[in-house]
1. For segment 82-106, how many residues meet the condition of being of a type in the set (Ser, Thr, Tyr), under 15 Å from Gln43 (Cβ atoms) and open to solvent by 50 Å² or more (accessible area, probe 1.4 Å)?
2. Just one of the numbered conditions (1) more than 22 Å from Gly45 (Cβ to Cβ); (2) open to solvent by less than 70 Å² (accessible area, probe 1.4 Å) is not true of Asn117; which one?
3. Quick check on Ile79: is it free of Cβ contacts under 8 Å to residues at least 40 places away in the same chain, more than 15 Å from the chain's Cα centre (by Cα) and open to solvent by less than 80 Å² (accessible area, probe 1.4 Å)?
4. May I ask you to say which residue of Glu47, Glu13, Glu40, Glu17 is without any contact (Cβ under 8 Å) to a residue 24 or more places away in the chain and open to solvent by 30 Å² or more (accessible area, probe 1.4 Å)?
5. Would you confirm whether or not segment 120-128 contains a residue that is open to solvent by 30 Å² or more (accessible area, probe 1.4 Å), within 15 Å of Glu10 (Cα to Cα) and at pLDDT below 95?
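The values are calculated or read from the model by the stated rules, or taken from the named source; none is laboratory data. Treat the numbers as computed from the prediction; the structure is a model and nothing was measured. So basically every Cβ, Gly included, is an ideal-geometry build from the backbone, and we count neighbours across all protein chains shown. The accessibility values were calculated without ligands, DNA or RNA, using every heavy atom of the protein model including side chains. Shrake-Rupley method; radii C 1.70, N 1.55, O 1.52, S 1.80 Å.
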Amino acid sequence: MSFTGKYQLESQEGFVEFMKAIGLPDEHIEAGKDLKSVSEIEQNGDEFKVTVTTGPKVLSNTFTIGKETELESLIGGKIKTVVKKDGNKLTVTLDKVTSVTELVDANTIVNTLTMGNIVYKRTSKRVA
């Protein structure tokens, strides 16, 4: 299955706790907790472009599986890392956060972000 598509956030668990743990200011957490982000993924073999739009904030990263790249983190700033792919899962570690994005079926992506024992889980459904 290809990750290519546009996905809208359907549900999330642990948003507030996770965002506090990574240092996002309370006013940004409050403003963002009810926004339904849209993730657009373009996959061409092992090359990916991922753009996440949450309200006025746009986070865009381009990477190739298995090659070192610089990715923008959730709170800004660039982090050098390597994205790995295992079947329908993409895994990357950004500083102290591990992100696993799984294409559960043709229309559902689950992104799980973990920092220590704090877990933030996002489920998004394909809209295009």
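1. Of the residues in that region, 0 qualify.
2. (2)
3. Here the answer is no, as Ile79 does not meet what is asked.
4. After applying the criteria, what remains is Glu47.
5. Checking segment 120-128: at least one residue is open to solvent by 30 Å² or more (accessible area, probe 1.4 Å), within 15 Å of Glu10 (Cα to Cα) and at pLDDT below 95.
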